[in-house]
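Working notes, beginning with the structure itself.
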Amino acid sequence: GVRLVGSEMCIRDRHQHFTGWLNFLSWFDMPAAEFMMPGTCVGSMPARLALNSLWPVAVVGFAVMTIGALGLAEHLSARASRGSLTWVTRDRAVYATLVIVFLVLPNVSRSIFSAKKCVSFEVSDVPPQSRSYLVADLDVSCSGPEFRSLETIFWVFFVLWPVLVPLAGLALVLSIQGSVRAQRVSNLANACRFLWRDYEPGVLYWEIVDMLRKILLTAVVLFVDTEFGDVRLLRLWLAASVSTGFLALLALVR
């Protein structure tokens, strides 16, 4: 038993020595909401999950109200006609919403998947037994009722962000592809220029493809081996495979 414990401690020391130089990346992995208020100050895990998933909605709302106020100020100063000003304000609001949502999507998706990320601890050697707990809140057992209650909230926000956001982006590209390829940019296409202006007409969907790559690497990979994934190489291998496949696709398109 002493020999096994000593071997396990040696393996852990080597693991920490191998990964310790990457610890600074944890600052970039922290949800943006955690910078404003630590998760432990929010309360329960459902409240933290809701905060990390809904704060971009508040940011979008603030941005749209600011754009509306600026549009009203321009209207009062009579620097533009009412019709053109309405379209300009709408274009600005749509553009700002797209930029904000697409920038925060990977971080928010990773925060949502924190409700599925568990870590296992050995509680008995003879017979071998282990218990798993939620990494984001070690007070929550991954086999307990509180964890199961998180599943409903998880699936709601999973559909809202990693599913509906790419589908909405795809729908926008589908609706504007005709005018973009005909080089007759409509008002909607101009408002959605964040999605297509950097790409050739034949690859207007590339931003959606890249968005899916980000979600796969930052969030969906956490579905793999939810209990022991943090200490095994399977997730890393899958992430490397996704990156290699995307690089090959990029080379093919180029």
Residue in region 133-141 that is farther than 27 Å from Val57 by Cβ and under 24 Å from the mean Cα position of the chain (by Cα) present: yes
Qualifying residue in region 117-140 (condition: assigned to a helix (DSSP H, G or I), of a type outside the set (D, E, K, R), in contact with a helix residue (DSSP H, G or I) (Cβ under 6 Å, 6 or more places away or on another chain) and surrounded by 16 or more Cβ atoms within 10 Å (Cβ to Cβ)): no
Residue within region 156-166 that is over 16 Å from Ala219 (Cβ atoms), touching a residue at least 12 places away in the same chain (Cβ under 8 Å) and surrounded by 13 or more Cβ atoms within 10 Å (Cβ to Cβ) present: no
Among the candidates Ser143, Ser243, residue that is surrounded by fewer than 19 Cβ atoms within 10 Å (Cβ to Cβ) and part of a helix (DSSP H, G or I): Ser243
Condition broken by Ser120, with the remaining ones in (1) among the small types (Gly, Ala, Ser); (2) out of contact with any Asp or Glu (no Cβ under 6 Å at 6 or more places or on another chain); (3) over 20 Å from Pro162 (Cα atoms) satisfied: (2)
Residue list for region 179-192, restricted to those being open to solvent by 60 Å² or more (accessible area, probe 1.4 Å) and part of a loop (DSSP other than H, G, I, E, B): Gln183, Arg184, Val185
Failed condition for Ala171, given (1) open to solvent by 70 Å² or more (accessible area, probe 1.4 Å); (2) outside any strand (DSSP E or B): (1)
Positions within region 102-116 being assigned to a helix (DSSP H, G or I), among the aliphatic types (A, V, I, L, M) and either touching a strand residue (DSSP E or B) at 6+ places or on another chain (Cβ under 8 Å) or open to solvent by 30 Å² or more (accessible area, probe 1.4 Å) (or both), in sequence order: Leu103
Flag if Thr152 is hydroxyl-bearing (Ser, Thr, Tyr) and within 30 Å of Trp196 (Cβ to Cβ): no
Single residue of region 219-240 satisfying the filter (under 18 Å from the mean Cα position of the chain (by Cα) and open to solvent by less than 40 Å² (accessible area, probe 1.4 Å)) that is modelled with the highest pLDDT: Ala239
Test set (1) in a strand (DSSP E or B); (2) surrounded by 15 or more Cβ atoms within 10 Å (Cβ to Cβ); (3) over 23 Å from the mean Cα position of the chain (by Cα) - Ile176 fails condition number: (1)
Residue match in region 85-93 (condition: closer than 21 Å to Val165 by Cβ and open to solvent by 30 Å² or more (accessible area, probe 1.4 Å)): yes
Which listed residue, of Leu195, Leu216, is assigned to a helix (DSSP H, G or I), modelled with pLDDT of 90 or more and more than 23 Å from Val119 (Cα to Cα): Leu195
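The values are calculated or read from the model by the stated rules, or taken from the named source; none is laboratory data. All figures in this text were calculated on a predicted structure; none of them were measured in a lab. Every residue, glycine among them, receives a Cβ derived from its backbone with ideal geometry; neighbour counts consider all protein chains shown. Ligands, DNA and RNA are excluded from the accessible area calculation, which covers all protein heavy atoms including side chains. Shrake-Rupley method; radii C 1.70, N 1.55, O 1.52, S 1.80 Å.
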